[in-house]
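Undergrad: Below is the structure I would like to discuss, written out as structure tokens.
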Amino acid sequence: MNTISIIEVKELTKTFNGDVTAVDNISFTVEEGEIFGFLGPNGAGKTTTLNMLATILRPTSGTAVVNGFDIHENPDAVRRSIGFVFQDPTLDTELTGRENLDFHGRLYGLTKKEREERIKEILEVVQLTDRADNYVKTYSGGMKRRLEIARGLLHYPKVLFLDEPTLGLDPQTRRAIWDYIAKLNQEQNVTIILTTHYTEEADHLCNRIQIIDFGKIVANDTPENLKATLQGDVIGLTFKEAKDAQQMLSKLNALEWVRSAIPVSGSGNQVGMSQMSVLMQRMAGGSGMGMMGGMGNVGGPSGMTAQMPKDPDKIAEAMNKLHQQAGPLRNFHQINLLVDNASRRIPGLVKIVDEAGVELDSVQMHKPTLDDVFLSVTGRSIRDESGSMMQMFRQHRMIRQARGGRTPH
Ligand SMILES: Nc1ncnc2c1ncn2[C@@H]1O[C@H](COP(=O)(O)OP(=O)(O)OP(=O)(O)O)[C@@H](O)[C@H]1O
Ligand SMILES: [Mg+2]
């Protein structure tokens, strides 16, 4: 991969209505040919950042150069040189797939001949040739997403922005879309910037991942390097009772061979009202923003791209600081321990828990994943805030927009 920067972002900030700082003074670069992932939970500022880079939204301050064009000085040139697939669907379902593509090609001034050739080529890439003349309303979710990706690429952009390319799709369809994205990056020679809150998507697809939280960049590196910063293994202890988990947290943290003990709130993708209210408080400037200040060299008030520390002790120190600042997390059943040689530690751990007279529900161990990285740099699980309730709000919003006849975004 060469090292020509195709996007350079400098101190970009967006504040809505004077009080919600959605994107907080971020700076980063994207190299030509990369698949660059923006990973973050709901409300982190991913869409807002992409919209500013695509000149759909005006930054409150800061600037960016996209494909050599300044977003303030030359927004039309920026728009012509990029493709964009929005988070919420924007296809005309009363038209056929081919008609949707043709309409887009006309908007971008392609001639009839150019449109015909390019549409044929791009339909083949996303394997929709045989459905091209059917109405989009008869397409499956995955087919619609593929058509949107094809449309984003129609006018030969050098950069393609994909905002949550697989949101709401089943795992099998998601994997198929990943294959298309990787293929487009290789065969169409296009730099891809995608947002996601699926850690496995970022891990599988991206050359480089930037973790964004509360509008700030908290980490930026290759997936391998991010995971390697958490040397060792993770042991996840799930307790039957939340009060037992709380009681055990400090005991486990005090063990000399435990680098860090992190409470994990919630279970899977289920978001409870209590967690939602914690999120709301954090968004309103509560402990969430305070946490960032406590991250030492992991994050930083400057919002500049930060590398996580390589030294495991430093990570542990940062994590412990983070937890102190975040305050007590209530209602957690699970504690993740960062240790060396997990398999040798488990019998001893079970004994300690047993002697404390509390009951375990399950014990599991794994090599650090991006979920663990997210947990370590933000102090909470990405899944807590990416679950069913946010999905439900989003669906409600889309239904309202559809009823009102307004286009999303
Ligand atoms: N037009 C707007 N007016 C006011 N606030 C907004 C607007 N758009 C976004 N926000 C707020 O800015 C913050 C960041 O939103 P954004 O849509 O960029 O997040 P995101 O990371 O894309 O989240 P998601 O994963 O849910 O798509 C949120 O707090 C959101 O409520
Ligand atoms: Mg978004």
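Undergrad: Kindly evaluate T96 against the criterion of being touching a strand residue (DSSP E or B) at 6+ places or on another chain (Cβ under 8 Å), within 16 Å of ligand 2 (Cβ to nearest atom) and among the β-branched types (V, I, T).
TA: No; evaluated as a whole, the condition is false for this residue.
Undergrad: To continue, here is another question. Just give me the residues in the range 135-156 being open to solvent by 10 Å² or more (accessible area, probe 1.4 Å) and either touching a strand residue (DSSP E or B) at 6+ places or on another chain (Cβ under 6 Å) or among the hydroxyl-bearing types (S, T, Y) (or both), in sequence order.
TA: Y135, T138, Y139, S140, Y156
Undergrad: If I filter the range 50-92 down to residues being hydroxyl-bearing (S, T, Y) and open to solvent by less than 50 Å² (accessible area, probe 1.4 Å), which single residue comes out as farthest from ligand 1 (Cβ to nearest atom)?
TA: My answer is S81.
Undergrad: Would you mind telling me which numbered condition in (1) away from ligand 2 (no atom under 16 Å from the Cβ); (2) farther than 27 Å from E32 by Cα; (3) in contact with a helix residue (DSSP H, G or I) (Cβ under 8 Å, 6 or more places away or on another chain) L169 fails?
TA: Every condition holds for L169 apart from (1).
Undergrad: Just give me the residues in the range 17-49 being within 15 Å of ligand 1 (Cβ to nearest atom) and of a type in the set (V, I, T), in sequence order.
TA: Hits for the range 17-49 are V20, T21, V23, I26, T47, T48, T49.
Undergrad: Would you confirm, using the coordinates I've provided, whether G45 is touching a strand residue (DSSP E or B) at 6+ places or on another chain (Cβ under 7 Å), within 16 Å of ligand 2 (Cβ to nearest atom) and on the phi > 0 side of the Ramachandran plot?
TA: yes
Undergrad: I need the helices (runs of 4 or more DSSP H) fully contained in the range 341-409, keeping only those with at least 2 residues that are of a type in the set (S, T, Y), at pLDDT 50 or above and open to solvent by 10 Å² or more (accessible area, probe 1.4 Å).
TA: Filter on the range 341-409 gives an empty set.
Undergrad: How many residues are within 16 Å of ligand 2 (Cβ to nearest atom) and surrounded by fewer than 24 Cβ atoms within 10 Å (Cβ to Cβ) if we restrict to the range 25-35?
TA: Qualifying residue count for the region: 0.
Undergrad: Which members of the range 229-248 meet the condition of being open to solvent by 40 Å² or more (accessible area, probe 1.4 Å) and touching a residue at least 12 places away in the same chain (Cβ under 8 Å)?
TA: Across the range 229-248, the qualifying residues are Q231, K240, E241, Q246, Q247.
Undergrad: Every residue in the range 157-168 that is open to solvent by 40 Å² or more (accessible area, probe 1.4 Å) and within 16 Å of ligand 1 (Cβ to nearest atom), please.
TA: The one that is open to solvent by 40 Å² or more (accessible area, probe 1.4 Å) and within 16 Å of ligand 1 (Cβ to nearest atom): G168.
Residue-wise test of (1) among the hydrophobic types (A, V, I, L, M, F, W, C); (2) within 22 Å of N185 (Cβ to Cβ); (3) surrounded by 13 or more Cβ atoms within 10 Å (Cβ to Cβ).
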position	(1), (2), (3)
N100	no, no, yes
L107	yes, no, no
K112	no, no, no
E121	no, yes, yes
V126	yes, yes, yes
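Undergrad: In this structure, does A44 turn out to be among the aliphatic types (A, V, I, L, M), modelled with pLDDT of 95 or more, open to solvent by less than 50 Å² (accessible area, probe 1.4 Å) and closer than 21 Å to I26 by Cβ?
TA: Considered against the rule, which asks whether it is among the aliphatic types (A, V, I, L, M), modelled with pLDDT of 95 or more, open to solvent by less than 50 Å² (accessible area, probe 1.4 Å) and closer than 21 Å to I26 by Cβ, A44 comes out as no.
Undergrad: Just to be sure, is K14 under 24 Å from L153 (Cβ atoms), within 16 Å of ligand 1 (Cβ to nearest atom) and of a type outside the set (S, T, N, Q)?
TA: So K14 does not fit the description; no.
Undergrad: Check every one of the strands (runs of 3 or more DSSP E) wholly within the range 154-258 and list those with 1 or more residues that are touching a Phe, Trp or Tyr at 6+ places or on another chain (Cβ under 8 Å) and modelled with pLDDT of 90 or more.
TA: Ranges flagged: 159-163, 191-196, 208-213, 216-221.
So that you can scan it fast, the table gives a plain yes or no per residue for (1) among the polar types (S, T, N, Q); (2) modelled with pLDDT of 95 or more; (3) in the same structural domain as L162 (by TED's automatic domain parsing); (4) within 16 Å of ligand 2 (Cβ to nearest atom):
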site	(1), (2), (3), (4)
A54	no, yes, yes, yes
A64	no, yes, yes, no
N74	yes, yes, yes, no
F103	no, yes, yes, no
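The values are calculated or read from the model by the stated rules, or taken from the named source; none is laboratory data. Being a predicted model, the structure only gives us computed values, none of them experimental. Positions of Cβ are generated from backbone atoms using ideal geometry, with glycine treated the same way; all protein chains shown enter the neighbour counts. For accessibility, only protein heavy atoms count, side chains too; no ligands or nucleic acids. Shrake-Rupley method; radii C 1.70, N 1.55, O 1.52, S 1.80 Å.
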